[in-house]
Amino acid sequence: MSEPRLFVIGASHHRAPVEVRERLALVSEDGFRADLAAVPGLSEFAVLNTCNRVEIYGVGAGGDTEELVKAAYCARQRFDAAEFERIRHRHAGRDAALHLFEVASGLDSQLLGENEIFGQVKEAYAAAKARGSTGSVLNRVFQKAFQAAKHVRTHTGISAGRVSVSNVAVELASNIFGDLAGARVLVLGTGEIGEGTARAFMSRGAAHLAVAGRNRERATEVAGGLGAGMVDFDERRSRLSDYDIVVCSTAAPGAVLETSAIAEAMGRRPARPLLLIDLAIPRDVEASAADLQNVFLYNLDDLARIAERNRFAREAEIARCRAMLGQRADGLWRQVEPLLRSVAAAGPPGQSAEASRQAAPM
Amino acid sequence: MTAYLSDRQWLWGAAALYAAGVLLGTVSLLRGGRTSGATVYGAIALGYLLQFVGLGMRGHATGGCPLGNRFEIFQFTAWSAITLYLVVGVTFRSSIFGVFTSCLGAALTFVSLSIPSWDAIRRTHIFGGNPWIELHAALAMFSYGVFGLLALASAMFLMRHYSLKSKNLGGWFYFLPSIMDLDHIEVRLLGAGVAILTAALGFGWVYWSRDTATVGHLKLASTVAVWIAYAAALGMRIAGRLLARRFAWTCLALFAAALLSLEAVEGSRHPGAAPAPERTSQ
């Protein structure tokens, strides 16, 4: 009989392109949890299911249990087992704990250092705990993973700086206005990039959005999709002073906002800064507007340069993060090993989590 | 332990802790992490405590608020700025503000401790037992502390402004508060500073109006000039005529001028001041 061990098995964006990940994503997590609960030898488990990864963390009797987990997953997803074998990753013991640390820290994310994964791991753990499928080992490992993730985010620059153009624009706005809830945003143009940037602003709390487009029909459609107001494109200059942030992405052949119009607008609101984000090629805003007091003008190249610099800075932090997480995984493993031995001593690991739960006193 | 250490030794300890706050924050930033607000705050709070003891001992020895020479004025200004930071600084929600405050505290305390001539003559009972004039002096110096914090916020504003105009958001700039937040902090500090200085001058005026010969013309003129300059800056800011970078530069320049005006205060001391009763080693 083999000793119980901690393991993780799954697939992620590293080896699975988006069309494969679409097939990997679990539609019915509860159904799969029921499948796992019936796997012999699996005493604890948690399922992490996001758009970039599906992973099963478990405590099981060894290689056979892990094979059964894999088989249960492939059967549930109707996914070819041989194909899964080619794209899957698998870690055991201390390496499994370290992998969870890296995932929760955003170190294993497609967008390095992103924060969303932390919440997703927390949700996965909370769901598993609520259903009684975690025990002393996974509880300890997940709790330590959250502490480790918070530690590296606080003590390194892994999360510093945005790495996509729309998020850089939002970060810029935060550097000027702080809380974006009170900021008024005007989207000039109905291109995809402008719409995406507007959505990024909304996701950060911007509540006052308006759209102006040369094609009124399309502008109405975009405004409807965003839940934003409408501004007549011809009134863009006279209404400019009403807004704090202007996102420009028109396909106009020349500037649609001249320096003189911006200066006039600033005269009506001298105390509030104005952020102009020009995502258009050719540019929508006259470059000389950058010289105006309290006006901050950024074009597509500026945003791309900042995003690239942020990405480089984040990558430089990876080695530091890995070293920190490795130390923490070693520390955790010294605590978990005795726990695994006590699990082994408590009874044969032939019981599934579901069976353990049923056997537990009420 | 106060019996074993002199007031200056306590103040050296405070200066070292303020410097430690700067060092901790800087190292943390250079290593790419966020500044630990709690650590910097702890260093400042401990330094403040030591400075409180040191100034308390000095006040006990001089029989009043320790504002009898340039050394004591600089120490009291630093102490006032730190007091305000400890009370309201956390509401600014910016751990880097603590690093800047620590820097101001360290600069003022180290400079004053490093120039022995500033503390060569110690004056006792300079307020002649008049609590109102003592309150006037303490409030005036406290307002200088507020203006010191205002200068810090202005420096941070200019750095943030530079980072946005030069399109460089990384490094130290990443940790600075937003332009709007800094602007709000500046206006609030300027308002508070002007209010406190107005109260200080009000108390001083009551005393001066009874006996106009007690205050030198230079001291009177320089103090009123500082008050008018700050009040004018506040009025112009509220009216929207002094904004953004120009407002920040004005606040920095006014603080430099306010520190220089202390020369006039120092120069108007009454003659016949007693020499230091006891010189302590540094």
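The values are calculated or read from the model by the stated rules, or taken from the named source; none is laboratory data. Being a predicted model, the structure only gives us computed values, none of them experimental. Here the Cβ positions follow ideal geometry from the backbone for every residue, glycine too, while neighbour counts run over all protein chains shown.
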Taking the conditions exactly as written (modelled with pLDDT of 85 or more and either closer than 21 Å to residue B:136 by Cβ or not hydroxyl-bearing (Ser, Thr, Tyr) (or both)), does residue B:59 satisfy them or not? yes
If I filter the range B:136-172 down to residues being touching a Lys or Arg at 6+ places or on another chain (Cβ under 7 Å) and in a helix (DSSP H, G or I), which single residue comes out as nearest to residue A:290 (Cα to Cα)? B:161
Counting only residues that are facing chain B (nearest Cβ under 9 Å) and not acidic (Asp, Glu), the range A:276-302 contains a total of 5
Of all residues being surrounded by fewer than 18 Cβ atoms within 10 Å (Cβ to Cβ) and in a helix (DSSP H, G or I) in the range A:340-355, which is modelled with the lowest pLDDT? Just the residue, please. A:355
Would you say residue B:256 is at pLDDT 90 or above and surrounded by fewer than 14 Cβ atoms within 10 Å (Cβ to Cβ)? yes
Cβ pairs under 6 Å, 6+ apart, first in the range B:174-185 and facing chain A (nearest Cβ under 8 Å) and within 14 Å of residue A:271 (Cα to Cα), second outside any loop (DSSP other than H, G, I, E, B) and among the β-branched types (Val, Ile, Thr): B:179/A:176
In this structure, is residue A:305 modelled with pLDDT of 80 or more, part of a helix (DSSP H, G or I) and more than 30 Å from residue B:182 (Cα to Cα)? no
Restricting attention to the range B:113-135, report how many residues are modelled with pLDDT of 75 or more and part of a helix (DSSP H, G or I). 10
Pairs only if they're at least six apart or on different chains, beta carbon under 6 angstrom, first in the range B:44-72 and outside the structural domain of residue B:118 (by TED's automatic domain parsing), second part of a helix (DSSP H, G or I) and hydroxyl-bearing (Ser, Thr, Tyr); list them, first residue then second. none
Residue A:182 passes all but one of the listed conditions (1) within 20 Å of residue B:171 (Cα to Cα); (2) within 14 Å of another protein chain (Cβ to nearest Cβ); the exception is number (1)
I want to confirm something. Restricting to the range B:152-173 and keeping residues that are polar (S, T, N, Q) and within 26 Å of residue B:106 (Cβ to Cβ), which single residue is farthest from the other protein chains (Cβ to nearest Cβ)? B:154
Output for the range B:137-194, where each listed residue is of a type in the set (Val, Ile, Thr) and either more than 12 Å from the chain's Cα centre (by Cα) or within 29 Å of residue A:157 (Cα to Cα) (or both): B:179, B:185, B:187, B:194
For the range A:308-330, name all the residues that are within 19 Å of residue A:107 (Cβ to Cβ) and within 11 Å of chain B (Cβ to nearest Cβ). A:310, A:312, A:313, A:314, A:316, A:317, A:320, A:321, A:324
Considering the range A:234-263 alone, what residues qualify as being closer than 13 Å to residue A:212 by Cβ, touching a residue at least 40 places away in the same chain (Cβ under 8 Å) and of a type outside the set (Gly, Ala, Ser)? A:236, A:239, A:240, A:242, A:243, A:246, A:247, A:248, A:250, A:256, A:257
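Listed here are the residues, each with its yes/no results for (1) under 30 Å from residue A:342 (Cβ atoms); (2) of a type outside the set (A, V, I, L, M).
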| site | (1), (2) |
| --- | --- |
| A:145 | yes, no |
| A:150 | yes, yes |
| A:170 | no, no |
| A:199 | no, yes |
Do we have any residue at all in the range B:239-248 that's under 18 Å from the mean Cα position of the chain (by Cα), within 25 Å of residue A:292 (Cβ to Cβ), within 14 Å of chain A (Cβ to nearest Cβ) and of a type in the set (A, V, I, L, M, F, W, C)? yes
